[in-house]
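Take a look at the structure below.
The values are calculated or read from the model by the stated rules, or taken from the named source; none is laboratory data. Source: prediction; values computed, not measured. In this analysis, Cβ positions are derived from the backbone assuming ideal geometry, glycine residues included, and neighbour counts consider all displayed protein chains.
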Amino acid sequence: MTDTTETTEPTEPTEPIGSIEPTAPADPWALPTTAAAPPVGDAWAVSAEVLSSEEARKPRRAALLRWGAAALILLLSGTAAAVAVTAPERTKIPGLETPNDGRYAFPQLTLPPLPSGKPAPHASGTDGRHYADLRQLLLTPPKGATVSAASAAASPAPSSSASASATAAPTATAAAADAADWVPCTGYAARDKDPAKFNALLAENACRAATKRVWTTPDGTRTEIWLLRFGSAVEAGAFYLKMNQGDLKDVPGLEYAYLSIAPSVDSTSSTAFTKTTAGSKNEPVGRVAYVQASDIAAAVVMTNPQGVPVQAFRQVTILQNNMLH
């Protein structure tokens with residue numbers, strides 16, 4: 001049996017551990033220490049990048065302001081131009097003015113009042129009679145016209161006994177003060193070259209009242225309007241048919257000539273013109289329109305040595321017709 005012995009190699013001696021100095025305990029009341037912060041710049045300072053972007057925006061802002069100001073000026077100019085064009089009359093605007101075609105400027109037209117309890121001429125269920133003052137149914141003269149003085153042959157207002165149309169004699173009211181004068185029915189017959197013929201027609205159809213108005217406009221056109229009232233539409237129609245076949249002394253050479261006045265007038269009217277014409281447009285020197293409105297027969301006579309403008313003739317005839325309807 002062998003004898004084994006363990007041998008151990010000698011180890012190198014280690015250095016002795018030095019003594020560890022004790023550390024003082026931390027002060028519990030001391031403020032905590034922090035790492036040093038990097039230096040902080042001015043809070044109101046702007047970086048170079050921001051400055052460069054702001055400089056780039058300045059031209060665009062200036063351009064927007066300029067375009068905005070230009071748009072505002074354009075808007076204001078357009079508004080001012082619109083006001084300047086629409087405020088004055090068209091005929092007074094250079095470049096837009098149109099030559100005067102002969103039409104007149106009339107004051108506002110109003111129908112006369114009706115007697116108490118009497119219907120309008122074209123009211124439903126009536127016979128179409130005109131109960132208003134006949135003189136106030138005459139067309140008012142246009143602005144600038146010279147109205148002829150009252151006729152020396154003016155007759156007094158028709159009395160109730162002389163009127164079978166149940167129209168009371170007009171009284172002197174403020175409205176009647178501006179109206180034309182009453183004239184005898186025979187006054188119209190005296191204008192024709194055959195007065196006896198028309199006197200017989202007036203008597204046969206029992207003309208109840210008559211009135212007329214005469215004016216002259218600055219262009220030299222003389223207008224004379226006659227209204228003759230009869231007892232019924234039948235009597236007025238019978239006289240109207242002969243009326244437009246007359247031969248007026250102061251308008252020689254009249255011939256029947258169709259002229260469309262207006263759809264509302266054409267069916268109850270007829271026209272006649274003179275053969276003689278004058279002016280740059282060769283207008284007839286005389287134009288006449290005959291109109292029937294139920295119990296009233298009317299004549300519109302217009303003369304002018306330089307020619308009667310057709311538009312003025314149409315205008316006067318239409319307005320007088322409107323006064324009767």
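Details
- Exclusive hit being out of contact with any Pro (no Cβ under 9 Å at 6 or more places or on another chain) and either at pLDDT 90 or above or outside the structural domain of Gln292 (by TED's automatic domain parsing) (or both), set Pro142, Pro170, Pro115: Pro115
- Qualifying residue in the range 295-316 (condition: more than 29 Å from Lys143 (Cβ to Cβ), over 32 Å from the mean Cα position of the chain (by Cα) and crowded, with 23+ Cβ neighbours inside 10 Å): yes
- Test: residue in the range 102-109 that is at pLDDT 75 or above, over 28 Å from Arg287 (Cα atoms), exposed (fewer than 10 other Cβ atoms within 10 Å of the Cβ) and of a type outside the set (A, V, I, L, M): no
- In the condition set (1) buried (at least 21 other Cβ atoms within 10 Å of the Cβ); (2) over 26 Å from Gly279 (Cα atoms); (3) in contact with a Phe, Trp or Tyr (Cβ under 7 Å, 6 or more places away or on another chain), Ala206 is compliant with all but (1).
- Test: residue in the range 250-260 that is hydrophobic (A, V, I, L, M, F, W, C), free of Cβ contacts under 8 Å to residues at least 24 places away in the same chain and under 18 Å from Gly220 (Cβ atoms): no
- Hits in the range 261-284 (condition: farther than 17 Å from Arg222 by Cβ and of a type outside the set (Ser, Thr, Tyr)): Ile261, Ala262, Pro263, Val265, Asp266, Lys275, Lys281, Asn282
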